[in-house]
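Here's the structure we're looking at; comments come further down.
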Amino acid sequence: MTEKISQSDYRDSSRLLEQFSLENQALVILTGAGETLSFGSLPNSDRDNVLTTSLEVNFADRPETCTLSITAPVSPGRELTVAFLKMFPLILLLIMVISAAGAFLCSRVLVRPILEISDRCELNRQIKTDNALLRELRGQVKKLAQAVKNTIPALAAAMENLRKNLLLFCYQLRYLRKGKERLNTSLNTLRPALAQYNQLAKDIRDKTKERRSLLSEKKALSAVHVFWHRELAAKIAALTEDLEELRSEKNLLLASLAYSEEDAADKFPKDIAAMEQSLKRLEEQEQKYSAELDAALDEYAGLREQAQDVDPVQLYEARQAIRPSKEQEAENRAQEVYGEKYSPLLMFDSKKAVSRMLHEEMEQQAVRRLVRQAQKGQQTHYKRKHKEQER
């Protein structure tokens with residue numbers, strides 16, 4: 001201010017002083033050259049809490065020195081209010097942008113991927129049911145391997161029963177892997193969200209502590225230091241704005257995950273730990289079923305060895321005749337175990353997987369070749385017999 005005045009003429013200074021008094025709501029009195037000029041006035045509410053500062057100034061067109069007296073309100077609350085009002089449009093714009101971004105995230109990206117307590121209880125019940133079915137299928141596989149006789153109907157029934165069990169093993173493995181996939185997706189969202197929450201909480205604590213320190217410093221500062229008061233007020237206003245943004249971001253994050261401010265710090269890590277435990281149990285179940293699937297495939301290979309001594313075409317036809325009923329039995333058993341969570345699509349995928357494991361397409365092609373060769377042989381035999389009759 002003094003630099004601008006020293007570079008201006010005495011008459012031009014009136015405009016500068018008037019503008020200064022309006023911007024700072026201060027009373028400015030210029031004394032010198034035998035006259036006194038007054039600019040602005042003090043608000044009535046601030047007359048008891050003011051600070052007056054006097055300084056000497058020179059003008060570009062006058063050699064004599066004049067005295068400039070500035071009387072301004074220094075209420076800490078007022079300083080903060082003035083600074084806040086000046087920055088209010090920017091703060092409002094930032095809040096609107098953050099709110100819009102948060103609404104977009106809530107509606108498009110972040111859907112709460114929390115495994116509720118009821119879901120975890122359901123998972124425990126499902127694992128118990130799976131284990132019961134696993135024991136049942138394991139017993140059936142052993143019995144089938146021991147009771148087979150080398151007759152086509154017996155071999156066909158044993159192989160199709162074992163194939164039915166393979167369908168159930170594959171279905172359960174796919175069901176477990178779907179559960180693992182959901183848990184991994186949830187954890188991949190929650191783990192970084194927890195890190196973000198912890199960082200936001202730390203930033204809020206640090207800035208709150210810094211703001212309190214500045215408020216204490218401003219309160220203890222002598223009223224003589226007008227400009228230092230204003231600098232502190234500006235810093236406090238900036239910290240207040242930062243804290244509002246951080247709290248808004250934290251609230252949006254918690255809302256997107258359906259947590260409340262009160263229970264987030266406690267529930268957030270507990271939910272992640274529970275989901276990690278559930279994931280571990282699913283992985284253990286997957287290992288069990290994979291081992292049983294491998295064992296059942298070995299038993300099937302043994303049955304296939306036994307079938308080398310029988311007619312492959314007749315065996316194939318006998319198996320195809322009973323296969324629809326055995327597949328229906330597998331579907332019924334899966335519906336029994338999984339209830340409303342049974343998925344026809346998973347069963348369809350399991351059938352394709354079993355078909356690939358047992359190389360059924362190759363088997364079908366081999367049987368067709370045998371049938372064509374047999375038909376060709378019959379035609380050749382018929383032609384020879386016909387020629388002999390003509391002779």
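The values are calculated or read from the model by the stated rules, or taken from the named source; none is laboratory data. Predicted model, so just to flag it, every value in this text is computed and none were measured. Using ideal geometry, Cβ is built from the backbone for each residue, glycine included, and neighbour counts are taken over all protein chains shown.
Residues that are within 23 Å of Ala295 (Cβ to Cβ) and either part of a helix (DSSP H, G or I) or within 32 Å of the chain's Cα centre (by Cα) (or both) within region 339-361 comprise Leu346, Met347, Asp349, Ser350, Lys351, Lys352, Ala353, Val354, Ser355, Arg356, Met357, Glu360, listed in sequence order. Evaluation of Asn251 against the conditions (1) over 16 Å from the mean Cα position of the chain (by Cα); (2) closer than 30 Å to Glu181 by Cα shows that the sole unmet condition is (1). Taking first residues from region 339-360 that are touching a residue at least 40 places away in the same chain (Cβ under 8 Å) and partners that are exposed (fewer than 15 other Cβ atoms within 10 Å of the Cβ) and among the charged types (D, E, K, R), no Cβ contact under 6 Å between residues at least 6 apart in sequence or on separate chains turns up.
Only one entry of Gln320, Gln287, Gln308 meets the criterion of being assigned to a helix (DSSP H, G or I) and over 30 Å from Ala154 (Cα atoms), and that entry is Gln287. May I ask you to verify whether Phe169 is part of a helix (DSSP H, G or I), aromatic (Phe, Trp, Tyr) and in contact with a helix residue (DSSP H, G or I) (Cβ under 6 Å, 6 or more places away or on another chain)? In short, yes. No other residue among Asp298, Asp263, Asp242 is of a type in the set (D, E, K, R), within 21 Å of the chain's Cα centre (by Cα) and not assigned by TED's automatic domain parsing to the domain that holds Ser69 apart from Asp263. Of all residues in region 277-327, those satisfying the criterion of being farther than 30 Å from Leu187 by Cβ, touching a residue at least 60 places away in the same chain (Cβ under 8 Å) and not hydrophobic (A, V, I, L, M, F, W, C) are Glu299, Tyr300, Gly302, Arg304, Gln306, Asp309, Asp311, Gln314, Arg319, Arg323, Lys326, Glu327.
With respect to Leu194, is the statement that it is hydrophobic (A, V, I, L, M, F, W, C), in contact with a Phe, Trp or Tyr (Cβ under 6 Å, 6 or more places away or on another chain), over 30 Å from Lys351 (Cα atoms) and surrounded by 13 or more Cβ atoms within 10 Å (Cβ to Cβ) true? Outline the logic, then answer.
Details: hydrophobic (A, V, I, L, M, F, W, C): yes; in contact with a Phe, Trp or Tyr (Cβ under 6 Å, 6 or more places away or on another chain): yes; over 30 Å from Lys351 (Cα atoms): yes; surrounded by 13 or more Cβ atoms within 10 Å (Cβ to Cβ): yes.
Taking the combined requirement at face value, the residue satisfies it.
Residue by residue, here is whether (1) of a type in the set (Val, Ile, Thr); (2) free of Cβ contacts under 8 Å to residues at least 40 places away in the same chain holds:
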| site | (1), (2) |
| --- | --- |
| Gln199 | no, yes |
| Ala223 | no, no |
| Val226 | yes, no |
| Leu239 | no, yes |
| Glu244 | no, no |
| Arg247 | no, no |
| Leu253 | no, no |
| Ala265 | no, no |
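Does at least one position in region 187-203 carry a residue that is assigned to a helix (DSSP H, G or I), modelled with pLDDT of 90 or more and over 30 Å from Leu279 (Cβ atoms)? Within region 187-203, one or more residues are assigned to a helix (DSSP H, G or I), modelled with pLDDT of 90 or more and over 30 Å from Leu279 (Cβ atoms).
Considering the conditions (1) touching a residue at least 40 places away in the same chain (Cβ under 8 Å); (2) more than 27 Å from Leu55 (Cβ to Cβ), Lys209 is excluded by exactly one of them, (1).
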